[in-house]
Structure formats: C-alpha cells, structure tokens
1. Along its principal axes, what span do the Cα atoms of the chain show, with the longest given first and each in whole Å?
2. How far, in nm, would the chain grow between residue 32 and residue 45 when pulled straight, counting 0.36 nm per residue and subtracting the alpha carbon separation?
3. List the relative contact order of the chain as a percent without decimals, with contacts defined as Cα pairs under 8 Å and 6+ residues apart.
Amino acid sequence: MTDVPPPALRPMSEFDETQPAVLHEQLNDKMIPWTGELHDNWRQYAQEDSEGRVAWDGGLFDGWAEALGG
C-alpha cells in the first residue's frame, strides 16, 4: 500500500461523480474505471476524511484522472 497517490492525479475534492473518470484506490494501489452510473450511491455513502481521501464501497480513493479519451 502506498500513502501517496500516483503523480498527476487530481484531488478527490475536484471529483465530479457524474462524469467518467479513473479513480485511484489506495488500499490496493489500483486504478478503477468510473462510469458515473453510481453517482447517486456515491453522493449518499461516500465519506471524505481529513486527508482528502474518500471512503466508499469498501475502497479508499485518494485521487482521480480523466477517463482515457475524455
């Protein structure tokens, strides 16, 4: 596990859950594709911590990037 998101990722505070993106999941150090289809669930259950990471659906997301081609 890494404590620092990969370089060039945007902070979760700038993430628009309605738009396609690629999220960095810190616990498993993996990039996860996001289509935006689960935006209502994200809005209801995502919880941001004091370090700007977001806990949601068993993951801990610490950065994001635009979807490829987006």
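Since every read-out is calculated from the coordinates, none of them should be taken as a lab result. Small disclaimer: the values here were computed from a predicted structure and weren't measured.
1. Cα spread of the chain along its principal axes, largest to smallest: 28, 28, 19 Å.
2. 2.9 nm
3. Once normalised by length, the contact order is 40 percent.
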